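To keep things clear, I will list the structure first and then write my remarks on it.
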Amino acid sequence: MGFLGQTRTQGPWKSWSRGPNAPSLPRQIMSTLLRLLLGLSLGCTGAGGFVAHVESTCLLDDDGIPQDFTYCISFNKDLLACWDPENRAMVPREFGVLNALATGLSDDLNKQETCSSACLLGLQDCATHTQPFWGSLTQRTRPPTVQVAKATPFNTREPVMLACYVWGFYPADVTVTWMKNGQLVPPHGSAHKIVQPNGDWTYQTLSHLATTPSFGDTYTCVVEHFGAPEPIRQDWTPGLSPEQTVKVSVSVVVLGLGLIIFSLGLLSWRRAGPSGYTVLAGSTYPGGNFCAGLFACGPFGRGEV
């Protein structure tokens, strides 16, 4: 694991530094870089900007102990000179057009005791500046978040492909397996992607499973990680597609409305009672008066025409 400290100098002569172990540049080194930047900018035409880049790097092992220290100077992304711990001196790294400038810069910095002293103490400075936050950054753990969803099948003849998304975990070591109805799925039946960093000290990965599900099957994505006290399990069962869900929902609504209308009609019919008529008092035709054919009902009873 490495920690990076950088110092840049660019027109109009502004400097900034970042990183836990970025040593402050002595004035002699700054003046050398400024002269380099000024000379190159005057000798070049048509360029939009010139940047002198100073970078110090600490390489640490798994226990946080510094193993290597580098100190390099670049100009417009071209590496010019770096600190050589074996020779204990700045040596040129540019052997092309800027070789003369790289050699002159190295010779100038080697004449300055402040530069050599700072580089000789590089490993010590790495240990001093990285230990305060080493544990909080590297010894922490963060359990993953897991979600299973259907994906578009690829490179398979199976009709269904499941994707198990695993993200937000630290450290990067993680194990993802698939189970079907409680039985482990062979590794050749699934495909895993390489763990990728998220850029915020967490990682993510993805696992695919191509299968032909049946009604009642249960697929489980099992994720094992150091940050989780027990394996994280996320189940998936076959269900209706979105189109089928809409059709079934519409059918249920229509059926429900039909039952409601039928119930209201039945209730109204039962409340109405049996149909019929009431016989008037004094009527000589308790069975009713019936007129048919050429017969007509007169004021005194039945008559003939």
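The values are calculated or read from the model by the stated rules, or taken from the named source; none is laboratory data. All values reported here derive from a predicted model rather than from experimental measurement. Positions of Cβ are generated from backbone atoms using ideal geometry, with glycine treated the same way; all protein chains shown enter the neighbour counts.
Key figures for this structure:
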item	result
Condition met for Lys150 (within 30 Å of Asp61 (Cβ to Cβ), surrounded by fewer than 16 Cβ atoms within 10 Å (Cβ to Cβ) and of a type in the set (D, E, K, R))	no
Close pairs from the range 89-115: first in the same structural domain as Val54 (by TED's automatic domain parsing) and in a helix (DSSP H, G or I), partner of a type in the set (Val, Ile, Thr) and crowded, with 17+ Cβ neighbours inside 10 Å, Cβ under 6 Å, at least 6 apart	Asp108/Thr32; Cys115/Ile29
Selection count where residues are buried (at least 16 other Cβ atoms within 10 Å of the Cβ) and among the polar types (S, T, N, Q), scope the range 203-225	5
Residue list for the range 111-127, restricted to those being over 16 Å from Val54 (Cα atoms) and either polar (S, T, N, Q) or more than 45 Å from the chain's Cα centre (by Cα) (or both)	Lys111, Gln112, Glu113, Ser117, Gln124
Filter result (loosely packed, with under 14 Cβ neighbours inside 10 Å, free of Cβ contacts under 8 Å to residues at least 24 places away in the same chain and within 18 Å of the chain's Cα centre (by Cα)) within the range 153-195	Lys193, Ile194
Residue that is farthest from Ala228 (Cα to Cα), among those in the range 125-178 that are assigned to a helix (DSSP H, G or I) and of a type in the set (Ser, Thr, Tyr)	Thr128
Selected residue (criterion: nearest to Pro153 (Cα to Cα)) from residues of the range 207-241 that are among the β-branched types (Val, Ile, Thr) and in a strand (DSSP E or B)	Thr211
The one condition in (1) over 25 Å from Cys221 (Cα atoms); (2) surrounded by fewer than 16 Cβ atoms within 10 Å (Cβ to Cβ); (3) without any contact (Cβ under 8 Å) to a residue 60 or more places away in the chain; (4) out of contact with any His (no Cβ under 8 Å at 6 or more places or on another chain) that Phe133 fails to fulfil	(3)
Flag if Thr218 is under 26 Å from Pro143 (Cβ atoms) and among the polar types (S, T, N, Q)	yes
Residue match in the range 179-202 (condition: aromatic (Phe, Trp, Tyr) and under 16 Å from Val146 (Cβ atoms))	no
Test: residue in the range 226-246 that is loosely packed, with under 11 Cβ neighbours inside 10 Å, over 22 Å from Ala163 (Cβ atoms) and of a type in the set (A, V, I, L, M)	no
